[in-house]
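No lab work stands behind these numbers, since they all come straight from the coordinates. What you see is a predicted model; the values in this text were computed from it and never measured. A quick note on method: Cβ atoms are made from the backbone with ideal geometry, for glycine too, and the neighbour counts reach across all protein chains shown.
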Amino acid sequence: MRLPTPEFRAFARGRQGGTLRQTGESVPLQNAAGQSADTRSSRRRDDLGLDPLGRTAGAEGSIETLSKSRGARLAFAYTRPMRLSVTQGALGRWRVAPLRARAAVMLVPSVLLGVVGLSSCKTAPPPPDPQAQLVAKGRDLFFNETFGGNGRTCGTCHPVENNFTIDPAFIATLPKDNPLFVAEFNPAVRENFENPALMREFGLILENLDGFDDLKNKFVMRGVPHVLGLRTSVASPGGPRTGWSGDGAPGDGSLRSFATGAVIQHFTKTLNRVPGVDFRLPTDEELDALEAFQLSLGRQQDLVLPLRLKGTVPKRGQEIFLDNNLGKCNLCHVNAGATANFGGGSLGNANFNTGVEDLPDQPARLTTQKVPRDDGFRTPGDGTFNIPPLVEAADSGPFFHNNAIETIEGAVAFYDGDSFNNSPAGLALKQADPRGAGIELDGTQIVAVAAFLRVINALENIRESLTLLEASLKVSSTERQRLLERAAQETADSARVLAGGGLHPEAVAHLEEARRLVAKAIASEFFKRKHTENAIREHRKARALLVESS
């Protein structure tokens, strides 16, 4: 019988007086209290205080060594004093077992990389959840299904790594052969399908909302709305509202039908748009799955304002937001969501003409490119657009249907300007005001409202990060990596949103540390749980600096 290496033979026999035995028994792992956990046992190693190498927590004088032989990797750690026994199992794999308490050693075949003592410890998986399976199917369709078209997927314009939207900064990171740029390399859709110049500079997508009979003249240029919090923002007494103008889906206008319209508009191989030739239409089952996935994204309910915020400026911003005689924001964005209520009951996701199309110096119209006026809802349009939710606004700009304004501060300032106050919506607010005033805010008040929106966005990012991190502790390795990567993106967003407004620097520091820990969890083989749990603690510290606990 041979030990794996001469070095280990010397260690086990000479230095520690180890004994040799040949057996097919599994390795007992022991903690400082002398409790043991068999590698075939269902008991968790964490319950015994053992780390991923089988060491007892808090062991003194620990040593770690790696030795390779016969394609195997040996990892051992010990604390004084101890004796070792080296065994060879029925499959010829070397194992090392400690004979004293407070010492633990295990042999890990390289192909398993540390899971010999862990794989059998998993509890039986719960029975399949039909809704979770539907959401998972929808996720796969959303990011991978091209529907026989030009290579685009739903995720092409709604990438998870950019808050399910696109903007010029994100677009600049994409390779030139990305399907988003299909109009640049596919001659069949080179004309009247996209405007690559406006897409790259302003993040605008071409839409034929009034039909495909005159592609050269009947189109509008719009930004890409995110698809977060849809469960709270689509419903309306007049029917579902999707897209920027509320009519983004064909047929019944529902979110379920939204994918059908997207495939016809954006996935086609040629401008003929013939189903079965240029693309295939989603099946009913696929539409159900896509709807389930989109409804699962982000918040599942609206906030309940006011929140017990801690920051001086965000707290004042919340007061202005909720003041129906000053900011008047809550009239159209109840609880910073996408529903309106002027005192007579909820109007749901209503449509208004707020004068965005009348803004002077709109960026896209400063170019030499053709940008027709966007007439909004219905065909022909009535000039109205539906209400977007504000909780997710700060990290999903540019703002408004035409990407006219870059920053959240600029978006708030729009409502203090002439374009809004002279619009049908602005005039209606004036008529309803006892003083006959529209929205009149000074610069500091604009910044305060924007600070409030930044903080509630960061709180939503933190909530989502915590949900993802906690879920990652309970799932398989492949799913765990996906959740950790999502959490890393949400964590980076929360830090960026706060730092962009000069808000809560101490909370930003905790979020940056959380981001570092999540990155370590993603890269780690043995310490994912430890790094994840530490990241969770950092998120909670950051949240505690933003809002009082309920």
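Modelled spin labels at residue 432 and residue 284, positioned 7 Å past Cα toward Cβ, are 4.1 nm from each other. How charged is the neighbourhood of residue 381? Take every other residue with its Cβ under 11 Å from the Cβ of residue 381, and add Lys/Arg as +1 and Asp/Glu as -1. Combined, the nearby Lys, Arg, Asp and Glu give -4. Between residue 308 and residue 407, the distance separating the two model label sites (each 7 Å from Cα on the Cα→Cβ line) works out to 3.3 nm. The modelled label-to-label distance for the pair residue 527/residue 300, using points 7 Å beyond Cα in the direction of Cβ, is 3.4 nm. Which links in 137/530; 474/541; 137/474 stretch past 27 Å when you go from one Cα to the other? Exceeds cut-off: 137/530. Relative to the current alpha-carbon distance between residue 444 and residue 274, full extension at 0.36 nm per residue lengthens the span by 55.8 nm.
Bridgeable lysines around residue 216 (alpha carbons under 28 Å apart, same-chain partners fewer than 8 residues away excluded): 176, 269, 370.
One decimal place: the segment residue 473-residue 188 gains 97.8 nm when fully extended, by the rule 0.36 nm per residue minus the C-alpha distance.
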